[in-house]
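Below is one structure, written out as structure tokens; the observations come after it.
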Amino acid sequence: MRGYGNSKAPYFFIAPTLILLTIFSLIPIAVALVISFTDMDLTGLADYSAIKFIGLRNYIDVVSDPIFGKAILNTLFYVIIGVPLVIAVSLAVALLINLGKSRLYKVFRVVYYMPSVTNVVAVAVVWGYLYNPSIGLFNYLLGKLHIAGVPWLTDPVMAKISLIILALWRGIGLNMIIFIAALQGIPKSYYEAAQLDGANLWQQMTRITLPMLRYAIFFVSITTMIGWLQFFEEPFIMTNGGPLDSTTSVSLFIYRNGFQLSHFGYAAAGSFVLFAAIIAVTLIQFRMQNKDTDL
Amino acid sequence: MRTTNTQAARRPNRGTALQWIVGVILTVGGILVVLPFVWMIFSAFKTEAEVMQIPPTLFPETFTMDNLRNLFENMNFMVYLRNTLIVVLFSFVGLFLNAMAGFGFAKYRFKGQNKLFLLVLATMMIPGQVTMIPVYLILNYSHLTNTMIGIVLPGLVGAFGIFLFRQFMSTIPDELLEATRLDGASEWRTFLQIILPISKSILAVQGILTFIAGWNSFLWPLIVANDEKLYTLSVGLSLLKGQYAGNYALQMAGSAFMVIPIIIIFVFFQRHIIENYSISGMK
């Protein structure tokens, strides 16, 4: 009686989302791939017959584009400094909060999590003020300590670090919560056994806690690395890639070529280079993780 | 239990000393974390001259509402606010569609089910930079650029939400569904009157997260809206940063207006939000 009625019902429930995901996630991949082999720009947008296939030229041009090269180096800088920093700080905060016995420590969870729910444009505007070389709070506080003002956003290297500090501030919360959840999953009996054997706090941490957190650390490092590879809003709002493209990330390069210069084909080719990098990095991480568990 | 008690009793001083050290480190770190917010709020109520003053003041010497008033009277923040609320409203439609799909995947067996669900999960791995340009071209082809529909459609549904709803709804017993079906209720009514009320807790959490995401939405409004009439608060704020680069009091007022509602909502519902991530993080 119900048999045939049920056979249509599930499709009715999943159809709207599947259609939207197809139009806005799956088809776009095919479209991006096709236009990455064309010279599509504003003219092409107005008249599709003006679009010409140019083979691999976009890919050849983009990898030899000096600004793209700079963007890759900047993104590597963000990943190499940012990823370990975010993992170390959020793990440290999670461990400290987990050590606390009073209920008061739940307040710290809220405090450290707060930056991750707030609007990235708003906080970038606030940090832009804090970083201001003459009237910003940071240089004023450094001046109080008789330290010379730091050129936060005007020096090519320092500007990258300043953006990393902002992203670190926003990134602690979510990862900290994942670490705390994993920490609470470690059976108490392990620590009790270790204490009976006379293990001190440091030994308990290095022999029980960190090995038991291996999966959480792996998860956080993959998601954090993918996030940093796509680093966009912070440089877009705070520095717009400057000074002299020293903070331009690959994502910002793609955005700028796609939407400010309307070089759609060229930007699409750049986005596939980024996609390939993300896949490669994820695969390497999985490889390393497997090796770890083999040992 | 006994062992921990004796351990604690043996080293009482070390234990409390450690608690104090941990507390102090976390407090210092916590002050650094909230410092930008505190600075933003106090600066929003200072005059433009006071913000430029050296040495800076912590509390506003002359408390003024001019900056906030300026946002609404001389800038288009009222329009931005309205647009942002429209985006939020639409994102709740998306939430409902996610719940429907989660139910479809959780409570039915049908042809191609696993393949379709894998397809949904696969969309999570596609970076936004790859879809950004083609989605814009698709919207342009459909004449949806510079429209509200074009702003909300690309991010309306999401694999992560579908996944969470499916996880939760899988735990609802099938017997309950069978009973309502025997009473003659349609599948649609079963979903509306039985499934949704049972899923209250996950709907609440997802609702809060949806609100926060909608309120903060930036990239699609930025790409799709050419007309200031369609700007959301975040896009308007980034415009303000460019136009009034030197007026930090005004910038802080704009930021505070965006950030404070979210902080209030977050502090109010933080237990649910944090637990939601703990649950999804463990699975």
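The values are calculated or read from the model by the stated rules, or taken from the named source; none is laboratory data. Values in this document were obtained by computation on a predicted structure and should not be read as measured data. For neighbour counting, all protein chains shown are included, and Cβ atoms are generated from backbone atoms with ideal geometry for every residue, glycine included. Note: areas computed on protein heavy atoms with side chains; ligands, DNA, RNA excluded. Shrake-Rupley method; radii C 1.70, N 1.55, O 1.52, S 1.80 Å.
General observations
- Within region A:98-123, the set of residues being more than 7 Å from chain B (Cβ to nearest Cβ) and either hydroxyl-bearing (Ser, Thr, Tyr) or in contact (Cβ under 8 Å) with a residue 60 or more places away in the chain (or both) comprises A:Asn98, A:Ser102, A:Tyr105, A:Ser116.
- Checking B:Lys241 against (1) within 8 Å of chain A (Cβ to nearest Cβ); (2) open to solvent by less than 30 Å² (accessible area, probe 1.4 Å); (3) under 17 Å from B:Asn76 (Cβ atoms), the condition it does not meet: (2)
- Residue within region A:56-64 that is open to solvent by less than 70 Å² (accessible area, probe 1.4 Å), charged (D, E, K, R) and within 14 Å of chain B (Cβ to nearest Cβ) present: no
- Some residue of region A:193-206 being in contact (Cβ under 8 Å) with a residue 24 or more places away in the chain and of a type in the set (Asp, Glu): no
- Sole exception among (1) in a loop (DSSP other than H, G, I, E, B); (2) open to solvent by less than 60 Å² (accessible area, probe 1.4 Å); (3) within 30 Å of A:Met176 (Cα to Cα) for A:Ser262, by number: (3)
- Matching residues, region B:61-80, being open to solvent by 30 Å² or more (accessible area, probe 1.4 Å) and not aromatic (Phe, Trp, Tyr): B:Glu61, B:Thr62, B:Met65, B:Asp66, B:Leu68, B:Arg69, B:Asn70, B:Glu73, B:Asn74, B:Asn76, B:Met78, B:Val79
- For region A:4-40, the tally of residues that are in contact (Cβ under 8 Å) with a residue 40 or more places away in the chain and either part of a helix (DSSP H, G or I) or out of contact with any helix residue (DSSP H, G or I) (no Cβ under 6 Å at 6 or more places or on another chain) (or both) stands at 4.
- Scanning region A:169-188 for residues that are open to solvent by 30 Å² or more (accessible area, probe 1.4 Å) and modelled with pLDDT of 90 or more gives a single hit, A:Arg170.
- Boolean, B:Gly155 is among the small types (Gly, Ala, Ser), surrounded by fewer than 16 Cβ atoms within 10 Å (Cβ to Cβ) and more than 7 Å from chain A (Cβ to nearest Cβ): no
- Hey, A:Gly149 over 30 Å from B:Leu26 (Cα atoms) and either in contact (Cβ under 8 Å) with a residue 24 or more places away in the chain or open to solvent by 30 Å² or more (accessible area, probe 1.4 Å) (or both) or not: no
- Output for region B:152-189, where each listed residue is among the β-branched types (Val, Ile, Thr) and modelled with pLDDT of 90 or more: B:Val152, B:Val157, B:Ile162
- Region B:102-111, residues that are open to solvent by less than 40 Å² (accessible area, probe 1.4 Å) and of a type outside the set (Phe, Trp, Tyr): B:Gly102, B:Gly104, B:Ala106, B:Lys107
- Among the candidates A:Ser271, A:Ser249, residue that is open to solvent by less than 40 Å² (accessible area, probe 1.4 Å), facing chain B (nearest Cβ under 9 Å) and of a type in the set (S, T, N, Q): A:Ser271
- Complete set of residues in region A:58-86 that are without any contact (Cβ under 8 Å) to a residue 12 or more places away in the chain and more than 19 Å from A:Thr224 (Cα to Cα): A:Ile60, A:Ser64, A:Asp65, A:Pro66, A:Gly69
- Residue within region B:137-149 that is under 25 Å from B:Gln113 (Cα atoms) and more than 10 Å from chain A (Cβ to nearest Cβ) present: no
- Residue check for B:Gly94: open to solvent by less than 20 Å² (accessible area, probe 1.4 Å), in a helix (DSSP H, G or I), of a type outside the set (Val, Ile, Thr) and in contact (Cβ under 8 Å) with a residue 60 or more places away in the chain: yes
- Residue check: B:Ile264 meets all listed conditions (1) among the β-branched types (Val, Ile, Thr); (2) open to solvent by 10 Å² or more (accessible area, probe 1.4 Å); (3) touching a helix residue (DSSP H, G or I) at 6+ places or on another chain (Cβ under 7 Å) but one, namely (3).
- Restricting A:Lys101, A:Lys106 to residues that are more than 30 Å from A:Gly265 (Cβ to Cβ), out of contact with any Lys or Arg (no Cβ under 8 Å at 6 or more places or on another chain), among the charged types (D, E, K, R) and not in a helix (DSSP H, G or I) narrows the list to A:Lys101.
- Qualifying positions in region A:124-136 - open to solvent by less than 10 Å² (accessible area, probe 1.4 Å) and either closer than 30 Å to B:Thr16 by Cα or at the interface with chain B (Cβ under 7 Å from one of its Cβ atoms) (or both): A:Val125, A:Val126, A:Tyr129, A:Leu130
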